[in-house]
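Notes to accompany the following structure.
Where a number appears in this text, it was derived from the coordinates with a stated rule and is not lab data. Here the structure is a predicted model, which means the values were calculated and not measured. All Cβ positions, even for glycine, are placed from backbone atoms using ideal geometry, and neighbour counts span all protein chains on display.
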Amino acid sequence: MRYQVTGKQIDVGQSLQEHVKQEISSIVEKYAERPTDATIVFSKDRHEFVCETTVHLSTGLTANAKAKAGEIYAAFDKCASKLEKQLRRYKRRLKDHHKARRTPVETIGAPSYILARGDDHEETTEPETLQPIIIAEMKTDIKSLSVGEAVMQMEIADQSVLVFRNESQKSLNVVYKRADGNIGWIDPGPQE
């Protein structure tokens with residue numbers, strides 16, 4: 001398994017890197033089959049340290065966790081326990097989906113944009129153009145999944161929305177968390 005332990009404007013020492021590798025490897029060996037790589041990023045948010053962890057699994061799913069604490073080791077430990085809880089919670093489902101799946105998850109590339117947010121505190125006059133200002137442009141992968149796998153991926157990655165290609169219909173679908181706590185599924189049906 002490949003590890004990438006980095007810090008955003010923070011020096012991550014050898015001792016912390018070894019601690020991170022040891023803890024993450026024990027968690028993923030216990031709850032996940034054949035993880036491919038893990039990315040752990042430390043940063044500082046005012047007076048707290050922030051730890052963000054992403055683990056890519058061989059099934060094509062991704063587990064994400066994020067935690068904050070006043071001390072860098074405590075931030076990592078909180079993040080690791082969140083990751084462990086997610087993987088423990090979905091261990092049986094991960095194994096079931098992996099056994100049913102004969103081929104790895106397919107992905108297709110798609111552009112992803114972050115648009116500038118319009119503040120309500122600015123002038124209330126109409127802008128000259130109605131085109132949004134794009135402040136970031138990046139590439140994202142759209143995975144080819146079943147609906148159950150998509151819901152599981154959304155929950156493991158702690159996302160509120162997931163766009164995926166429905167394996168059975170070969171069309172783009174969306175699953176999302178509703179305000180009432182349920183999961184919504186948008187299915188336009190097979191495209192002709």
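Amide H contacts for residue 157 (H built 1.01 Å from N in the peptide plane; partners 5 or more residues away or on another chain; cut-off under 5 Å): 64.
Sequentially through segment 36-44, phi angles give Karplus couplings (6.51, -1.76, 1.60; θ = phi - 60°) of 9, 7, 9, 10, 10, 10, 9, 8, 10 Hz, Gly and Pro residues having no value and appearing as x.
Computed from backbone phi with θ = phi - 60° and the Karplus coefficients 6.51, -1.76 and 1.60, the 3J(HN,Hα) list for segment 70-81 is x, 10, 5, 5, 5, 4, 5, 4, 5, 5, 5, 5 Hz; x is used for glycine and proline. Here the calculated FRET efficiency for residue 46 and residue 71, from their Cβ-Cβ distance with R0 = 22 Å, stands at 0.95, rounded to the nearest 0.05. At R0 = 41 Å, how high is the FRET efficiency between residue 2 and residue 180 if r is their beta carbon distance? Nearest 0.05 is fine. The computed FRET efficiency comes out at 0.55.
So if we plug the beta-carbon distance of residue 15 and residue 89 into 1/(1 + (r/R0)^6) with R0 = 22 Å, what FRET efficiency do we get, rounded to 0.05?
On the way: r = 31 Å, r/R0 = 1.39.
That pair, residue 15 with residue 89, gives E of 0.10.
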